[in-house]
Amino acid sequence: MHDAYEPVPILEKLPLQIDCLAAWEDWLLVGTKPGHLLLYRIKKDAGTNRFEVTLEKSNKNFSKKIQQLFVVSQYKILISLLENNIHVHDLLTFQQITVVSKARGATLFACDLQQSPSGSSAEDVCCCEEEASTVLLEGQGVLRAAGKAGVLRAAGETGSSPAAGETGSSTAAGDFAAPDIPKSMAWCQNSICVGFKRDYYLIR
């Protein structure tokens, strides 16, 4: 049998439980159960299958609960799900830029970076709400979300790049019925695939 991948240990005997990970280039972000955020630099030794791992930065007070991490390296920002709220932080300093107010109570999110013909880019985020089960979709450089009560809500937002520290405004665009609680989500160009317990929907 052909093995497409070979597992290689990177972090061993870490004294903290790992809840989520995010990686880009030679960097690895680790979110732990106590709420510590760890940033590692990983370099592969030439000619071997070993890696040199260095802890570059740690933040022991990042959050009480780190549920999910996503890096947007083009904007130098970190999008994270902390205590069921979506936050945007500066990737270099971990300083908070904003909190996505329309996504309070979220349990899951998915991101996608869209490039326009003019060369400008916009970040789309999608999240699941625990109580209302609403899928909130926002575009043009902002948020797209999902949830639990069987409703998908579309919205649009205008504004500047999150990297600039500027925010825009949101307007609701419509609601869509959802059959169950979303378990997973992934973007596919202008559509989002929402996975449920026994089925999945492609929302355009």
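Values as computed for the structure displayed
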{"quantity": "Distance in nm between pseudo-label sites at GLN17 and SER191 (7 Å out along the Cβ direction from Cα)", "calculated": "3.8 nm"}
{"quantity": "Reach of LYS102 by Cα under 22 Å, taken over lysines that are not fewer than 8 positions away in the same chain", "calculated": "LYS64, LYS65, LYS148, LYS183"}
{"quantity": "Furthest towards positive pole of dipole, TYR5, ALA46, LEU29, structure part the stretch 1-63, Cβ charges", "calculated": "LEU29"}
{"quantity": "The stretch 1-43: chymotrypsin sites (Phe, Trp or Tyr not before Pro) falling in loop per DSSP and having at most 13 other Cβ within 10 Å", "calculated": "TYR5"}
{"quantity": "Cα gyration tensor shape for the stretch 1-67, rounded if a/c is under 1.5, else prolate or oblate", "calculated": "prolate"}
{"quantity": "Built amide H within the under 5 Å cut-off of GLN68, gap 5+", "calculated": "LEU81"}
{"quantity": "Nitroxide proxy distance, nm - points 7 Å out along Cα→Cβ at THR93 and LEU202", "calculated": "4.3 nm"}
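Read-outs: derived from the displayed coordinates by stated rules, not from any lab. Keep in mind the model is a prediction, meaning the values are calculated, not measured. Here the Cβ is made from the backbone with ideal geometry for all residues, glycine too, and neighbour counts use every protein chain on show.
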